[in-house]
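To start, the structure itself, in structure tokens.
The numbers here are math on the coordinates, done by the rules we state, and not lab data. The model shown is predicted, which means the values in this text are computed figures rather than measured ones. Note that we place each Cβ from the backbone using ideal geometry, even for glycine, and neighbour counts take in every protein chain shown.
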Ligand code: KG4
Ligand code: ZN
């Protein structure tokens, strides 16, 4: 008998639903919230309102695209945290109600674990072997984790301030790019010289990160240059983007090399929105040869927030009989 899991993700600004059957994704729908673009970042209250509007149509579409009836579902997996409280509440309340209505088990999922476990979906290529070093780089998180098994994960380091995605997005805003600026910086960088401008690399001990100093350094640099030449950004856009991207990727790679050396682990798994970055993907391949790493890079559709990763984690919990009760509350600061 096949097992059908419905995954629901609503931790930030994407409402997503996915149906998974025995490791295979049958549907993975994501409703992006365009409204945040005009504010230059995610507005929590607007995000929860949009989730409220999107969740029923997105779940309905995910079920119909999977070509099943909702009564065939075996369990519902939802994001318990971390994330924005109002956003998490929409997904968790909906999932609890549907689980009661269909009389099927409920499974809570840690969003950060799910980002890493996305690599166990069938169409993600060879599955990583344990233990591995996982790096989650997104708009909300930058974290290095030692993953011993599906549910035994230990944080080795994290950002002390901004996330890697914020370094892209906030710096992009300074040069007039729309939120989220990461994908645009990636595109513009392809035509630029990564060594044209030098930006600050922070000195942070251990495996932690810091990106706020770089953001300030970038802002001051641009302001100074614009005072000299008001068209500085326009005249140098490609080189500015390539140089900024270069330093962000460098900061990430330094810590990744350190993590691999310190743990003695050479299986490296990356995930999160920023793992879509083409330069990171390129450098990881170079490093895999140089350091004898086995690198796992997700498909583009599984990098940004998606419910497929929630459904996958749900399936792994289902197989291990790990279920949740209805009293479990959402946790915006849930640890890995
Ligand atoms: O994982 P995600 O969808 O949401 C969070 O949980 O934060 O990540 C979104 C982040 C944004 O900061 C966005 O700018 C960044 O991922 N991003 C990229 C690229 N694609 C998305 N950053 C750099 N290069 C990209 N190609
Ligand atoms: Zn995420």
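Axis angle, to the nearest 10 degrees, between helix 85-102 and the longest C-alpha principal axis of the chain: 20 degrees.
The antiparallel fraction among DSSP beta bridges confined to the chain stands at about 60%. As a proxy for reagent exposure, 55, 228, 5, 310 were ordered by neighbouring Cβ count within 10 angstrom, fewest first; the result is 228, 55, 5, 310. Of the beta bridges in segment 66-145, as assigned by DSSP with both residues counted there, near 45 percent are antiparallel.
Each residue in 112, 153, 1 was given a count of other beta-carbon atoms within 10 angstrom of its own, and listing them fewest first yields 1, 153, 112.
With neighbours defined as other Cβ atoms within 10 Å of a residue's Cβ, the residues 304, 79 order from fewest to most as 304, 79.
Equivalent ellipsoid of the chain: semi-axes from √(5λ) of the C-alpha gyration tensor, largest first, are 35, 23, 16 Å.
The Cα atoms of segment 1-135 give a gyration tensor whose axes a ≥ b ≥ c have a/c of 1.5 or more with a/b no greater than b/c, which makes the shape oblate. Reported to the nearest whole Å, the Cα centre-to-centre distance from segment 106-178 to segment 262-336 is 5.
Helix 212-228 and the long axis of the chain differ in direction by around 40°, with both axes built from C-alpha atoms. Taking Cα atoms only, the orientation of helix 232-263 departs from the longest principal axis of the chain by about 60 degrees. Under a GNM of the chain (C-alpha, springs under 10 Å), which listed residue has the highest mean-square fluctuation: 90, 118, 109? For the chain, modelled as a Gaussian network with Cα springs under 10 Å, the answer is 90.
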